[in-house]
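To keep things clear, I will list the structure first and then write my remarks on it.
The values are calculated or read from the model by the stated rules, or taken from the named source; none is laboratory data. From a predicted model like this one, the values you see are computed outputs, not experimental measurements. Don't worry about glycine lacking a Cβ; one is built from the backbone with ideal geometry, like all the others, and counts go over all protein chains shown.
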Amino acid sequence: MKTTAAKAEAAVRSAHRLNTASGVLALSVLLDSALEHYRGSFKNRAMYTPLAVSTLALGVSAHGTRDTKPLAHRARRGVCIAAAITGVVGTGFHLYNILKRPGRLAWQNVFYGAPIGAPTAILLAGLLGAAAEEVRHGARGKPLVLGRPAGPLLAAVTGIGLLGTAGEAGLLHFRGAFHNPAMLVPVTIPPAAGVLLLKAAAGASPRMNRFTRGWLRMTAAVGLIGSLFHAWGVQRNMGGWRNWSQNVLNGPPLPAPPSFTGLALAGLAALGLLGARPHG
């Protein structure tokens, strides 16, 4: 049996992992939305919102990773809830951007309109950050989120998030005709990780959870390596990095792949809460 102090320590450790995952997603959103909305000339003032909210989410995530108290923080929770709401509203704005174009929900508009799945990254960053506060709050007993065991719920949310993010990557890589075989990686490894997490949420065996842990680590690496591939894609454009001011805007988005890293870290945190090597 764990003592109260040991339970509190384990809860704080899990919260730190969720804070880190939330922070990685918030940083990805901040850089990606800044790039994409700058390309759109910020013609709608609402386009500044994700920059401000993701900056706040990044700040509270960093604060959370340094907080060793087994107590929820109201300000951090408030910012994370605001980030989640921003993701929902942003999805509505992006969907409106697509539907107002001639042809409405046509492939051309889905390919070249506002990326419909992009705002879900700040939604997930907010949800994970808020979950971190809930896990801290339950430090004296079994961690709960929304009154349910934190491990299965977070594994399910993260699994769905990985599937959705892989779908967004697949859409954009399909637009690029998968001209490089490496473009198949984000539509194979991360969605498999998502399925494994859903199985973990449903009650997979400890052996399967250990396999899932290894697969999530590979998925985290995919996110980091993906940015290097995107940097190479920028270099392949005319002028390469010497013409960075144009090629960074028109080349593959550098900050997008680390979303996989953030979600993989969240999946590892969920596995820890499920009891799969919680000290690993």
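Some points to look at:
- Residue within the range 90-106 that is assigned to a helix (DSSP H, G or I), in the same structural domain as N19 (by TED's automatic domain parsing) and charged (D, E, K, R) present: no
- Test: P119 is of a type outside the set (S, T, N, Q), at pLDDT below 95 and touching a Gly at 6+ places or on another chain (Cβ under 7 Å): yes
The rows are residues; the columns are (1) in contact (Cβ under 8 Å) with a residue 12 or more places away in the chain; (2) among the polar types (S, T, N, Q); (3) farther than 13 Å from A132 by Cβ.
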residue: A8; (1), (2), (3): yes, no, yes
residue: S14; (1), (2), (3): yes, yes, no
residue: A26; (1), (2), (3): yes, no, no
residue: E36; (1), (2), (3): yes, no, yes
residue: K43; (1), (2), (3): no, no, yes
residue: T55; (1), (2), (3): yes, yes, yes
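- The one condition from (1) in contact with a Gly (Cβ under 7 Å, 6 or more places away or on another chain); (2) at pLDDT below 95; (3) not hydroxyl-bearing (S, T, Y) that I81 does not meet is (2).
- Residues (of a type in the set (S, T, Y) and in contact with a Pro (Cβ under 7 Å, 6 or more places away or on another chain)) located in the range 20-40: S28, S33
- Among the residues of the range 32-75, those that are of a type in the set (V, I, T) and either touching a Cys at 6+ places or on another chain (Cβ under 9 Å) or not in a helix (DSSP H, G or I) (or both) comprise V60, T68.
- Residue in the range 150-166 that is in a helix (DSSP H, G or I), of a type in the set (V, I, T), touching a helix residue (DSSP H, G or I) at 6+ places or on another chain (Cβ under 6 Å) and surrounded by fewer than 23 Cβ atoms within 10 Å (Cβ to Cβ) present: no
Conditions (1) touching a helix residue (DSSP H, G or I) at 6+ places or on another chain (Cβ under 7 Å); (2) surrounded by 18 or more Cβ atoms within 10 Å (Cβ to Cβ); (3) of a type in the set (D, E); (4) over 29 Å from A6 (Cα atoms), marked per residue:
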{"position": "D32", "(1), (2), (3), (4)": "no, yes, yes, yes"}
{"position": "H37", "(1), (2), (3), (4)": "yes, yes, no, yes"}
{"position": "K43", "(1), (2), (3), (4)": "no, no, no, yes"}
{"position": "S61", "(1), (2), (3), (4)": "yes, yes, no, no"}
{"position": "K69", "(1), (2), (3), (4)": "no, no, no, no"}
{"position": "R76", "(1), (2), (3), (4)": "yes, yes, no, no"}
{"position": "A83", "(1), (2), (3), (4)": "yes, yes, no, yes"}
{"position": "V88", "(1), (2), (3), (4)": "yes, no, no, yes"}
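Residue-by-condition table, conditions (1) out of contact with any Leu (no Cβ under 8 Å at 6 or more places or on another chain); (2) of a type in the set (G, A, S):
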site: V187; (1), (2): yes, no
site: K199; (1), (2): yes, no
site: M218; (1), (2): yes, no
site: W232; (1), (2): yes, no
site: G240; (1), (2): yes, yes
site: P258; (1), (2): no, no
site: L263; (1), (2): no, no
site: L271; (1), (2): no, no
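Here's the yes/no breakdown for (1) loosely packed, with under 14 Cβ neighbours inside 10 Å; (2) of a type outside the set (A, V, I, L, M, F, W, C):
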{"position": "L196", "(1), (2)": "no, no"}
{"position": "K199", "(1), (2)": "no, yes"}
{"position": "A220", "(1), (2)": "no, no"}
{"position": "F229", "(1), (2)": "no, no"}
{"position": "G233", "(1), (2)": "no, yes"}
{"position": "Q246", "(1), (2)": "yes, yes"}
{"position": "T261", "(1), (2)": "no, yes"}
{"position": "G267", "(1), (2)": "no, yes"}
{"position": "L274", "(1), (2)": "no, no"}
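- Residue check for A10: within 30 Å of A150 (Cα to Cα), among the small types (G, A, S), surrounded by 15 or more Cβ atoms within 10 Å (Cβ to Cβ) and at pLDDT 95 or above: no
- Close contacts from the range 224-246, counting a first residue that is outside the structural domain of P186 (by TED's automatic domain parsing) and a second that is of a type outside the set (V, I, T) and surrounded by fewer than 13 Cβ atoms within 10 Å (Cβ to Cβ), with Cβ to Cβ under 6 Å and a gap of 6+ residues or different chains, come to none at all.
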